[in-house]
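**Student:** Sharing a structure here in structure tokens format.
The values are calculated or read from the model by the stated rules, or taken from the named source; none is laboratory data. Everything numeric here is computed off the predicted structure, so don't read it as measured data. Because the Cβ atoms are built from the backbone with ideal geometry, glycine has one as well, and the counts that use them run over all protein chains shown.
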DNA sequence: ATATAACGTGTATTTTTTACACTAAGTAAT
DNA sequence: ATTACTTAGTGTAAAAAATACACGTTATAT
């Protein structure tokens, strides 16, 4: 159909409408909590640009998928994690944010419970590996990912004041002290123990269990679980810490 | 350089990296208040697709501009309005949202005071005209613009509870009843007059003027103006109505 | 038995939110 | 000038929420 008469390296030659020469990518900011530290899920890249750098799990959107679908696929491919509800929070569109062309990136965040149950295994070779990294000691990240991450942190800081997002970070059974730790880490400040408990229990979305912690030094705390049923009824109510 | 050996209509023939065949567009949701009704700025389109339909002011992002810059340019071209701070709120990326190809749209909103001072004059011929339209009686909109607009409304509903956005909609001098009207329109519910005034004055961002309304039937109300200085100091404080 | 370290609890004060109804002032019509 | 009309403008009491603050309890480790 087309005859190419010069010797340039041409990747694909194709009919193009002006304006249709952008790429769209997804970047995922996954927050995790291991019981004491706030973590972010990063990958070690195996492709240019930024090969061998740490970066947020991210890649280009395909033509036949919505950006929401794409976010799910990309997270799965790069980290092995599936079935995670992520929420879109911002589109990054500076001209030179990507060294290989004009790429707009749509960022998503999610909160995730950590634990041996969810192994991190990249399914594609875009990533060498995926790993949870302490937010307080991040490596240098590729692209504008530090900026994307900072905006994500700001976002959850605001969100957690109004929604009990913290439970998504915690294991099924948790102590009130752990809940408080999550809030303190995300908000970056200490909270009063008695007032915190009064408040968090007043929403009536926690169910006290008969059970106590096991295998801890010193006094074991009572375990609670999150009652999603009751949480859904609460929807829209304002919460602040 | 290239020799085309068939007869298809080809708009541009160009080197393409796979993935780089998206377009990115901007859509602007501008809210206005004329003293009694909440309005949205719409254009009547003069280009396919959806020629002759009403739609949000929107167009494709150029390669050499950031999405933020693009939002400013597009708004100016389609409505004649410049120098308006718009905030990005969501990226819409369903596969079939645009009939001519894969277009991701980044949506922005702003609040604007209405008045003869800001004439609406499209500078490009993408729009036949721009016009403020009552939110309560919208025409059918092209693309997924009704959806984009609905999300924008939800957004400002949440925002106005925490920030005094209402003042951006009002003229320089306004009455407390007007402020209350804006809140009631956006929140979609009636508020108690005494409690509203107590609350809005408690932030101390309004300055009472010596002046009263002119040219109204019945008793004239005291005029106030917004004190941006004091507002900036307030930043971060939570407000709720 | 004792030391340790985290658990778990209550009250008083202040601040904020809510509910609620009438008088005052200016305009328009007669 | 009187009257009718319409919107402006105001206060208080009760309930709810937020804040400040300290010590006895309990399981573990030595």
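**Student:** Among the numbered criteria (1) within 16 Å of DNA strand C (Cβ to nearest atom); (2) out of contact with any helix residue (DSSP H, G or I) (no Cβ under 6 Å at 6 or more places or on another chain); (3) within 14 Å of chain A (Cβ to nearest Cβ), which one does residue B:212 miss?
**Tutor:** (3)
**Student:** Also: Given the condition near DNA strand D (Cβ under 8 Å from one of its atoms) and at pLDDT 95 or above, answer yes or no: does some residue in the range B:205-219 qualify?
**Tutor:** no
**Student:** With respect to the numbered conditions (1) within 11 Å of DNA strand C (Cβ to nearest atom); (2) assigned to a strand (DSSP E or B), which one is the sole condition not fulfilled by residue A:207?
**Tutor:** Here residue A:207 clears every test but (1).
**Student:** Would you call residue A:200 touching a helix residue (DSSP H, G or I) at 6+ places or on another chain (Cβ under 8 Å), within 16 Å of DNA strand D (Cβ to nearest atom), at pLDDT 90 or above and in a helix (DSSP H, G or I)?
**Tutor:** yes
**Student:** Kindly provide the set of residues from the range A:49-64 that are within 14 Å of chain B (Cβ to nearest Cβ) and without any contact (Cβ under 8 Å) to a residue 12 or more places away in the chain, ordered by number.
**Tutor:** Residues satisfying the conditions are A:62, A:63, A:64.
**Student:** May I ask you to verify whether residue A:143 is at pLDDT below 90 and either part of a loop (DSSP other than H, G, I, E, B) or more than 16 Å from DNA strand C (Cβ to nearest atom) (or both)?
**Tutor:** no
**Student:** Could you please find all residues in the range A:20-40 being out of contact with any helix residue (DSSP H, G or I) (no Cβ under 6 Å at 6 or more places or on another chain), in contact (Cβ under 8 Å) with a residue 40 or more places away in the chain and either more than 20 Å from residue B:90 (Cα to Cα) or more than 14 Å from chain B (Cβ to nearest Cβ) (or both)?
**Tutor:** Result: A:21, A:30, A:31, A:32, A:34, A:35, A:36, A:37, A:39.
**Student:** I'd like to check which strands (runs of 3 or more DSSP E) are fully inside the range A:1-45 and have at least 3 residues that are modelled with pLDDT under 70.
**Tutor:** Filter on the range A:1-45 gives A:2-4, A:12-16.
One line per residue, one yes/no per condition, for (1) in a helix (DSSP H, G or I); (2) within 16 Å of DNA strand D (Cβ to nearest atom); (3) under 13 Å from the mean Cα position of the chain (by Cα):
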{"residue": "A:119", "(1), (2), (3)": "no, no, no"}
{"residue": "A:130", "(1), (2), (3)": "no, no, yes"}
{"residue": "A:177", "(1), (2), (3)": "yes, yes, no"}
{"residue": "A:191", "(1), (2), (3)": "no, yes, no"}
{"residue": "A:194", "(1), (2), (3)": "yes, yes, no"}
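**Student:** What about residue A:224, is it at pLDDT 95 or above and more than 12 Å from DNA strand D (Cβ to nearest atom)?
**Tutor:** In short, yes.
**Student:** Quick check on my filter: what residues within the range A:193-204 are surrounded by fewer than 14 Cβ atoms within 10 Å (Cβ to Cβ) and near DNA strand C (Cβ under 7 Å from one of its atoms)?
**Tutor:** Answer for the range A:193-204, where residues must be surrounded by fewer than 14 Cβ atoms within 10 Å (Cβ to Cβ) and near DNA strand C (Cβ under 7 Å from one of its atoms): A:193, A:194, A:195, A:198.
**Student:** Which is within 10 Å of chain B (Cβ to nearest Cβ), in contact (Cβ under 8 Å) with a residue 60 or more places away in the chain and surrounded by 16 or more Cβ atoms within 10 Å (Cβ to Cβ), of A:89, A:109?
**Tutor:** Checking each option against the conditions leaves just A:89.
Residues checked against (1) modelled with pLDDT under 95; (2) under 30 Å from residue A:67 (Cα atoms); (3) more than 14 Å from chain A (Cβ to nearest Cβ); (4) crowded, with 20+ Cβ neighbours inside 10 Å:
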position	(1), (2), (3), (4)
B:66	no, yes, no, no
B:70	no, yes, no, yes
B:82	yes, no, yes, no
B:100	yes, yes, no, no
B:118	yes, no, yes, no
B:126	yes, yes, no, no
